[in-house]
Each structure stands twice: as C-alpha cells, then as structure tokens.
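Following: one structure in structure tokens, then a few remarks.
The values are calculated or read from the model by the stated rules, or taken from the named source; none is laboratory data. These numbers were taken from a predicted model, which means no experiment stands behind them. Ideal geometry is used to build each Cβ from the backbone, glycine not excepted, and the neighbour counts take in all protein chains shown.
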Amino acid sequence: MNYLANKKINMPYKRGDKITALNLASINGKQFDIKNMQGKRYMLSFFRFSACPFCQLRIHQLISRWQELDDNFTIIAIFDSPLQNLKQHSKRYAAPFYILADEEGKYYREFAIKYSLLKAVKSMFLKMPTLLYAMMIKGYFPSSLQGKISTLPADFLVDENGIIQTAYYAKDSADHLSFEQVKIFANLNEKPIKLIHGKE
C-alpha cells in the first residue's frame, strides 16, 4: 500500500506563484489577513523561534533601516512560536511592520519551509561572531525556546497583485535576502526585479 498516495506534499513557492490566503494573530492584538495587502508590495518572511538571536538581529536591522523603504512597502514577519511568547520577545522594540505567530506551523507547511538540525548547529559555529554579537552586544539572548530550532528562514518579495517576484529559501539559520535586495524591490515603481541570488 502506498502511504504517500493520500498525503499532500507542498512544493516550495516560486516566482510567479500567487499568495491568496494567510490569516494569523499579530502581536498588536489584531488578526492579520493577507487580503488587506492588495495594492501594496511586501516581503513575507518566515523566521525561527521568537528568542532566536539571528532572528532578533534581522528584525533589528529591518527596523533600523525602515526609513529607507518606500511607503507602499511593508514586511510581514512570521515566527513559529506561541503568540504570548512572541509578544514577550518583541517588547523591546516597536516594529513598524507586522509580526505574526504561527504556533501550529500551518503556513510553514503551506510554504514548504525547510528544516535542518544539522544546518542549525553548523550556523552556530560558522557564524559564531554574528551570534556572539547578537547575544553579548545587542542582548538577544535565547532565554526561552518555544518553537523549532531546526527551522530555516525564507523570504518572499511580493508585488501589488500578490504575485511572488522573488522566493528565497535560506541556506542556514542566519540566512536571509540582503537588505539591499529588499530595498531595491521596496523602492521599485515600475517593473519588478529579477532574482539576484537564491531560488526561484
């Protein structure tokens, strides 16, 4: 008997795919619905657990350079942690974009987000300077672990019609699209950019 016959296998999203549904609780106490993004460019980012130092450092970078991005662009950051835990680790900053909790991993499965404990461990050693900077200098110490440590991030740049223009699945726990790529897309007024690196 083929046990995979009735199992739905989600394929990674790619350039040209359309995002039509995403509904999650936000740390601001409201329910987020992707339908409200119609007519707006955005980056949809999947992160690891809420206390992840790499993730907190990335959020800090996005907040600190927010003024460089166009007004018609926003960011949707998703964490695979419980809402209350995510709120706790988001207290220290007031993000000007959406931060959502997907404790059940519904959209991590939908978007075929990758997991690798080996790559998570390797990232800790290979990117030790970044990790130490995040924990010792910025104070992003993983005081609690509610979520999967094996989650690998993913970033999607999406146009005004909900069409993915760039799909990037991370190579390790600290990997994301560069801010410069995000900035180019955010400030684009005519044609969407092509993928600079990563996976379509």
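Condition first: touching a residue at least 60 places away in the same chain (Cβ under 8 Å) and crowded, with 19+ Cβ neighbours inside 10 Å. Now tell me which residues in the range 163-184 satisfy that. Once the filter is applied, which keeps residues that are touching a residue at least 60 places away in the same chain (Cβ under 8 Å) and crowded, with 19+ Cβ neighbours inside 10 Å, the range 163-184 yields Ile164, Gln165, Thr166, Ala167, Tyr169, Ser173, Ala174, His176, Leu177, Val182.
In the range 79-91, the residues that are without any contact (Cβ under 8 Å) to a residue 60 or more places away in the chain reach residues that are part of a helix (DSSP H, G or I) with C-beta atoms within less than 8 angstrom, at least six apart or across chains, in these pairs: His89/Gln56.
Yes or no: Gln56 more than 25 Å from Asp172 (Cβ to Cβ) and of a type in the set (S, T, N, Q)? Outline the logic, then answer.
Values: more than 25 Å from Asp172 (Cβ to Cβ): no; of a type in the set (S, T, N, Q): yes.
Answer is no for this residue.
Would it be correct to say that Ile59 is under 26 Å from Asn23 (Cα atoms), modelled with pLDDT of 95 or more and surrounded by 15 or more Cβ atoms within 10 Å (Cβ to Cβ)? Answer is no for this residue. Looking only at the range 10-31, decide whether some residue is closer than 16 Å to His176 by Cα and either at pLDDT below 90 or touching a Ser or Thr at 6+ places or on another chain (Cβ under 7 Å) (or both). No, the range 10-31 contains no residue that is closer than 16 Å to His176 by Cα and either at pLDDT below 90 or touching a Ser or Thr at 6+ places or on another chain (Cβ under 7 Å) (or both).
For the range 63-116, filtered to residues that are under 13 Å from Phe49 (Cβ atoms) and of a type in the set (S, T, N, Q), the residue that is modelled with the lowest pLDDT is Ser90.
State all residues of the range 23-52 that are part of a helix (DSSP H, G or I) and touching a Leu at 6+ places or on another chain (Cβ under 6 Å); if no residue qualifies, say none. Ile34, the sole residue that qualifies. Checking each residue in the range 66-92 for being polar (S, T, N, Q), crowded, with 17+ Cβ neighbours inside 10 Å and assigned to a loop (DSSP other than H, G, I, E, B) picks out Ser81, Ser90.
Assess whether Phe46 counts as being buried (at least 21 other Cβ atoms within 10 Å of the Cβ), in contact with a strand residue (DSSP E or B) (Cβ under 8 Å, 6 or more places away or on another chain), modelled with pLDDT of 95 or more and not acidic (Asp, Glu). Walk me through it before giving the result.
Details: buried (at least 21 other Cβ atoms within 10 Å of the Cβ): yes; in contact with a strand residue (DSSP E or B) (Cβ under 8 Å, 6 or more places away or on another chain): yes; modelled with pLDDT of 95 or more: yes; not acidic (Asp, Glu): yes.
Yes: the conditions hold for Phe46.
Quick one: in the range 63-74, of everything that is touching a Phe, Trp or Tyr at 6+ places or on another chain (Cβ under 7 Å) and in contact (Cβ under 8 Å) with a residue 60 or more places away in the chain, which residue is farthest from Ala174 (Cα to Cα)? Only one residue fits best here, namely Phe73.
Which of the residues spanning the range 185-196 are modelled with pLDDT under 95 and surrounded by 13 or more Cβ atoms within 10 Å (Cβ to Cβ)? Lay out the reasoning, then the answer.
Within the range 185-196, the first condition is being modelled with pLDDT under 95, and the residues that meet it are 187-196.
Scanning the range 185-196 gives Asn187, Leu188, Pro192, Leu195, Ile196.
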